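Inspection log for the structure reproduced underneath, given as structure tokens.
The values are calculated or read from the model by the stated rules, or taken from the named source; none is laboratory data. Worth saying up front: this structure is predicted, and the values here are computed from it rather than measured. Cβ coordinates were reconstructed from backbone atoms using ideal geometry, including for glycine residues, and neighbour counts include every protein chain displayed. Accessible surface areas use protein heavy atoms only, side chains included; no ligands, DNA or RNA. Shrake-Rupley method; radii C 1.70, N 1.55, O 1.52, S 1.80 Å.
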Amino acid sequence: MTMKFLVWWRYGRRQLYPWLVLTRAGWQLLVQCGVERDRAAIRWMATLVKIDGVKLTAFLNDLIW
């Protein structure tokens, strides 16, 4: 792998991490029940607060251009 690819991969992973957490917590909400479901719901809501739409849009713009 080239160094440039690794740098972009690391940058992309950091920018997309909140979305990955949302996806996983949402799936846990569908699958689990009880206390674990409550934890997944809290994690999902906490991640929603952390998402910065401006940074996400800028990142996607960088990927396009």
For the stretch 31-41, what are the residues that are aliphatic (A, V, I, L, M), in contact with a helix residue (DSSP H, G or I) (Cβ under 9 Å, 6 or more places away or on another chain) and open to solvent by 80 Å² or more (accessible area, probe 1.4 Å)? Val31
Regarding Thr23, is this residue β-branched (Val, Ile, Thr) and in contact with a helix residue (DSSP H, G or I) (Cβ under 9 Å, 6 or more places away or on another chain)? no
